[in-house]
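The values are calculated or read from the model by the stated rules, or taken from the named source; none is laboratory data. Given the structure is predicted, the values throughout are model-derived calculations rather than measurements. Backbone-built Cβ (ideal geometry, glycine too); neighbour counts: all protein chains shown.
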Amino acid sequence: MKHWIFSTQPASVVVVGITSFFLLCGPTESAAQEVCQAPDEPIYIHSTNQPVAATEALERSIRFQMLASEWHVQRGATSSIEQMCTRPAYLSIMAMGPDALPLIIGQLKSEGNDPDHWFVALHHISRGANPVPNEDRGNLVKMSRAWLDWAEREGYAR
Amino acid sequence: MPGSWPERNFPHLNAASCQITSPATPAYNCIAWAAGSNTEWWDPSGQYYWPPDIPAEFTIEALIQLYEGLGFTVCIGGTLEPDFDKIAIYAIQLPDRRQATHAARQLDSGEWTSKLGACEDISHTYAESVNGPGYGEVVYFMSRPKPRA
C-alpha cells in the first residue's frame with residue numbers, strides 16, 4: 001500500500017503525511033487516495049512503501065484522537081457526567097496522564113464555542129486544578145476559557 | 001431517525017413519534033433543558049452547575065428536590081393541563097436500586113421535549129416515547145402552575 005504525502009516543507013513530510021492519513025482519512029487505501037487528490041497544487045510529492053517510524057508524541061496524538069472518537073460513541077445519550085466520564089475510552093485518556101494534557105488542551109481549543117466535556121479529565125490529570133469560578137460552572141464556553149487560560153499559565157498551551 | 005443517539009436505547013423513537021428540534025451539542029443536558037435552560041450542563045459532580053442545597057447526587061430524590069426548588073410538585077400523570085407546566089423524571093432499574101437517568105418537559109401542545117445527553121434535543125409524542133434500555137421509564141411526573149402572562 002502506498003501512502004502519498006504532500007508538503008511544502010520536505011522536513012515535515014513524515015509528520016504531515018501520517019497525521020493526515022490517520023486523523024483525517026482513516027486506515028483504508030481508498031482514503032489514502034483521497035489524500036493524494038486533496039491538495040490543489042502540491043510542491044513536493046513523496047511516496048513510500050515502508051511504514052514510517054512515528055514519534056512517541058505523534059503516536060500519543062493518534063491514540064488520543066482514536067480514544068476521543070470511541071468515547072463519543074461509548075457515552076451514548078447519558079446526561080450524567082459520572083457515567084459519561086467513566087466510559088472506557090475516557091478512562092484511557094485519563095490514564096495517559098500528564099502527556100495527555102497538551103492534547104486535551106489542543107482539542108478544547110479546536111472546539112471553540114462548542115467545547116466538549118474534557119474538564120473531568122483535566123481536573124484529574126492536573127491533580128485537582130479547578131480554575132473555573134463558581135459562577136461559571138456548567139457554562140461550557142466559560143469553563144473552556146478558564147481551562148485554556150490555566151493551560152496558558154501552566155505552559156500546556158501550544 | 002437520523003439523530004446521533006444510539007437507536008437501540010430508544011426503541012420507541014421513530015419518524016412518527018419524534019422530531020429533532022436542535023443540533024447535537026454538549027452545551028446543556030436534559031436536567032437543565034427540563035428546567036428551561038439551554039446554556040448550562042447541570043450535574044452534581046462538582047465542576048458543573050448544580051443548584052445550592054440540593055444533594056450532590058444524580059438520584060431520583062435529588063432530582064425531585066431540584067425541581068421542587070423550581071416550583072414543581074409530584075403529580076399523578078402527564079396528561080396535558082393547560083394551566084400547568086409538567087416534567088417527567090426517568091430511572092432505570094438496577095439490581096439494587098433505581099438509577100435516575102433523564103428528565104423531559106411537556107410542551108404547550110401536549111408533546112414532550114427531551115435533550116438526549118450531548119446529542120440532539122427532540123420533541124416526542126409521549127413522555128414514554130423515550131422509555132427503553134437507555135433511560136428506563138418514567139418514574140415521576142411533576143407539575144407547577146404556569147406563570148401568569
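Structural remarks
- Qualifying residue in the range B:108-128 (condition: of a type in the set (Lys, Arg) and within 14 Å of chain A (Cβ to nearest Cβ)): yes
- Any chance residue A:99 is in a helix (DSSP H, G or I) and within 14 Å of the chain's Cα centre (by Cα): yes
- Residue in the range A:134-158 that is farthest from the other protein chains (Cβ to nearest Cβ), counting only those that are more than 10 Å from residue B:47 (Cβ to Cβ) and basic (Lys, Arg): A:158
- Of all residues assigned to the range B:44-58, at least one qualifies as being within 30 Å of residue A:128 (Cβ to Cβ), touching a helix residue (DSSP H, G or I) at 6+ places or on another chain (Cβ under 7 Å) and polar (S, T, N, Q).
- Test: residue A:77 is of a type in the set (A, V, I, L, M) and more than 18 Å from residue A:151 (Cα to Cα): yes
- Filter pass, residue B:40 being more than 14 Å from chain A (Cβ to nearest Cβ), modelled with pLDDT of 95 or more and within 15 Å of the chain's Cα centre (by Cα): no
- Residue B:140 satisfies every condition listed in (1) farther than 25 Å from residue B:26 by Cβ; (2) assigned to a loop (DSSP other than H, G, I, E, B); (3) under 15 Å from the mean Cα position of the chain (by Cα) except (2).
- Whichever residue in the range A:103-128 is assigned to a helix (DSSP H, G or I) and more than 13 Å from chain B (Cβ to nearest Cβ) and, among such residues, is farthest from the chain's Cα centre (by Cα): A:125
- Options B:44, B:23, B:82: the member that is closer than 16 Å to residue A:84 by Cβ and out of contact with any strand residue (DSSP E or B) (no Cβ under 8 Å at 6 or more places or on another chain): B:44
- Some residue of the range A:139-148 being in contact with a Ser or Thr (Cβ under 8 Å, 6 or more places away or on another chain) and modelled with pLDDT of 95 or more: yes
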